[in-house]
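To start, the structure under review is shown below, and the notes come after it.
The values are calculated or read from the model by the stated rules, or taken from the named source; none is laboratory data. Please read these numbers as outputs of a predicted model, since none were measured by experiment. Here the Cβ positions follow ideal geometry from the backbone for every residue, glycine too, while neighbour counts run over all protein chains shown. Remember, those area values only see protein heavy atoms, side chains included, never the ligands or the DNA or RNA. Shrake-Rupley method; radii C 1.70, N 1.55, O 1.52, S 1.80 Å.
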Amino acid sequence: MFSGVYHAAAGMRVREHLLDLTANNLANGAASGYRRDIPCFEITVPSRVQTAGAQPASLPYELVARTAVDLSPGPIRQTDNPLDLALDGPGFFAVQTPNGILYTRAGCFTRNANGQLVTQDGYPVLTDRGPVAIAGTSVRVDENGNITVDGTAVGKLLIAVFRPTAQFTKVGAGLLSASEQPDTNQNAPRVLQGFLEESNTNVINEMVNLIRAQRAYEAGHKVIQAFDDVLQRASSDIGRV
């Protein structure tokens, strides 16, 4: 009986994690360059559990919840803003932060008080010459990432492309940290000026996932309540014997 409680509780824990991730995906459904969260789980048997002679289905277990990042591309929307940039293909813009170089697909850039090209949170966008100043009025960015201001070349965007084995972690503000260095042998994607990549979250699918996870969570709660009722009746009956 107790194994049923363990399994129901583990299922509720899975659904709780799914609810958190789905709610976060929905909240960022309109954020430029957002990459949806994907739930990952690992089943482990606690070392304190004595497994000798026990059947696998009767053992209590723990679920370790992790989160992966969905790197699939989002739809690209035309804005005609010369400081809006999108990447057509795998890769990331490189951004200088107090915690080192981080990466983003959110190309909704602007200029800070010093005229530097920065993210919405003020982090400088990197080129082969470091942070770039946009001091003129006519800004052009070609498909290779070369930036010219009033006809003068000022730098080439650093576009980071990684091997498929790279793992990414979200650090907030649409930025990602990578588990390895960019692969310089990979071809960089096209840079599209006057376009933005939208979130890769499918709002309808996420709403369906949210409803399913909520119903499954409620079902697990009812199962635990049923086991609790059975245990109460059993203890009461034993006390009268």
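Keeping the other protein chains in place, figure out the carbon and sulfur percent of the accessible area of the range 129-191, with a 1.4 Å probe. Could you put the intermediate results ahead of the total?
Working: 1700 of 3680 Å².
Ligands and nucleic acids excluded, carbon and sulfur give 46 percent.
Coupling constants for the range 21-38 follow from the phi torsions by the Karplus curve (6.51 cos²θ - 1.76 cosθ + 1.60, θ = phi - 60°), and in residue order they are 5, 5, 4, 5, 4, 5, 5, 10, x, 10, 7, 4, x, 5, 10, 5, 7, 10 Hz; glycine and proline get x.
Length available on full extension from A173 to I211: 0.36 nm per residue minus the Cα-Cα distance, which gives 10.9 nm. Note on the range 92-154: Rg/Rh from Cα positions, Kirkwood definition for Rh, rounded to two decimals, is 0.94. Between Q78 and T152, the modelled labels are 3.2 nm apart [label points 7 Å from Cα along Cα→Cβ]. Can you work out the FRET efficiency for the pair N202 and Q232, with r the C-beta to C-beta distance and R0 = 41 Å, to the nearest 0.05? The calculated FRET efficiency here is 0.40.
Given a 1.4 Å probe and the protein chains as shown, D128 ends up with an accessible area of around 100 Å². Extension gain, D142 to N112, is 8.6 nm, computed as 0.36 nm per intervening residue step minus the present C-alpha separation.
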